[in-house]
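Derivation of every value follows stated rules applied to the coordinates shown; laboratory data play no part. The structure displayed is predicted, hence computed values, not measured ones. Glycine also receives a Cβ, built like all others from the backbone with ideal geometry; neighbour counts cover every protein chain displayed.
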């Protein structure tokens, strides 16, 4: 498929406006009159009602915004026109959480003059602290007043917590000669583990596609992107991905499986895979991106399981931080993967922009240059290439190294 990378994030698709501001959900230590504060709340709105798909965390503890969003989409028949999201406070494990999340939807709906069940709500931040509704109520009029077709950056920065960079990606693609656009934004650095989705992720498109196929595409692609990401092994209570399609590209609506649906899924995969990669590279305290590619598997599920097992290994992640080619930790993680294959056929290579070194053949170590391996691992993007030599399927999983700074960041995260 041919795709053109474009700017715009969630505003890349026609008919989507966004805005983000600081409203004071959590007062910073430096709260002087002239202090510059980071955005902590955002909205984005479509010119028309969108078919909307979503996936949610599998954690038994679910944030109130997830419960409210899920209920809203059920009431509206999977239709939405606006999203409101905040950082600093997860609105989770609070007695009044659902009430506050519903109030956020109602406040924005009243300001936009739309049904409240057509509003998606999301929150991220500290768990177990009461969400103050007053600053949100005060901030919504300014958010709506400042809506613009090019304020994707203001929105993308508003959902950042321990993120060090904003995460956006967008593409232009064609459906039967009609130009369509798809883009998204994501947040997340910690409490990330493949178990549904990961973090907060919002994707918009102007492609016309039915709600049923939109959900099918999202559910399928999340399995090979966000679900193949792990930073620290913790599945968040607030994980959510939403995908909104407003049809303003005016292509013939995709209502059945076929070439058009496959093109849409390919574009969706490109956006979600690149956002996943950005999330992995910006893991809390991370200095290196780890991309594990498993090939030669007998089926897709085996390839995914093995790749995920490696990026989830704390011992291996620590070795990558130390730039130590301790390939035994890779074989160990491959060995406890819940899949059937012959470990005596497994080959492993380590690769980066600085070269490639083979460390294992047929399940056993081979001689290699420690100096060459150290050079390969000195780069900030490391590829682990695993060949099971058992078939034709492949899969990729993403993670990062485990550093001292991860402990520092999370040691006093709440206080």
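May I ask you to derive the relative contact order of the range 318-389, considering only C-alpha pairs under 8 Å and at least 6 residues apart, and to give it as an integer percent? Reported relative contact order: 36 percent.
I need the shape label for the range 50-163. Rule: rounded when a/c is under 1.5, else prolate if a/b > b/c, else oblate, with a, b, c from the alpha carbon gyration tensor. The shape class here is rounded.
Quick one: compute the contact order of the range 11-96, relative version, from alpha carbon pairs under 8 angstrom and 6+ residues apart, as a percent.
On the way: 96 pairs, mean separation 29.4, N = 86.
Reported relative contact order: 34 percent.
Find how many whole Å separate the alpha carbon centroid of the range 333-370 from the alpha carbon centroid of the range 40-66. About 40 Å separates the Cα centre of the range 40-66 from the one of the range 333-370.
Based on DSSP H segments of at least four residues, each scored -39500 (n - 2.57), the chain has a per-residue ellipticity at 222 nm of -9500 deg cm²/dmol.
Could you estimate the translational diffusion coefficient of the range 289-411 from the Stokes-Einstein equation, with Rh from the Kirkwood formula over C-alpha pairs, at 20 °C and 1.002 mPa s, in whole µm²/s? All intermediate terms of the calculation are to be shown ahead of the outcome.
Details: Rh = 14.3 Å.
D, rounded to a whole number, is 150 µm²/s.
Calculated FRET efficiency, residue 361 to residue 74, Cβ-Cβ distance, R0 = 51 Å: about 0.45 to the nearest 0.05. Against the chain, whose longest principal axis comes from its Cα atoms, helix 259-281 is set at around 80 degrees. Of the peptides 211-220, 261-270, the order by per-residue mean of other Cβ atoms within 10 Å, starting with the highest, comes out as 261-270, 211-220.
Relative to the longest principal axis of the Cα atoms of the chain, the long axis of helix 211-223 lies at roughly 40 degrees. Judged by the gyration tensor of its Cα atoms, with axes a ≥ b ≥ c, the range 48-91 is oblate; a/c meets the 1.5 cut and b/c is at least as large as a/b.
For the peptides 369-382, 104-117, 6-19, the ranking by packing is 6-19, 104-117, 369-382, with the highest mean count of neighbouring Cβ atoms within 10 Å listed first.
Annotation: the antiparallel percentage among DSSP beta bridges lying fully within the chain is about 75.
From the Cα gyration tensor of the range 247-324, with a ≥ b ≥ c the square roots of its eigenvalues, which class applies: rounded if a/c is under 1.5, or else prolate if a/b is larger than b/c, or else oblate? Walk me through the intermediate numbers first.
On the way: a/c = 4.60, a/b = 1.92, b/c = 2.39.
Judged from the Cα gyration tensor, the range 247-324 comes out oblate (a/c at least 1.5, b/c at or above a/b).
In the chain, the longest principal axis of the Cα atoms and the axis of helix 97-112 are about 60 degrees apart.
Dividing the C-alpha radius of gyration of the chain by 2.2 N^0.38 Å, with N its residue count, gives 1.00. Pairs of Cα atoms nearer than 8 Å and 6+ residues apart set the relative contact order; for the chain it is 17 percent.
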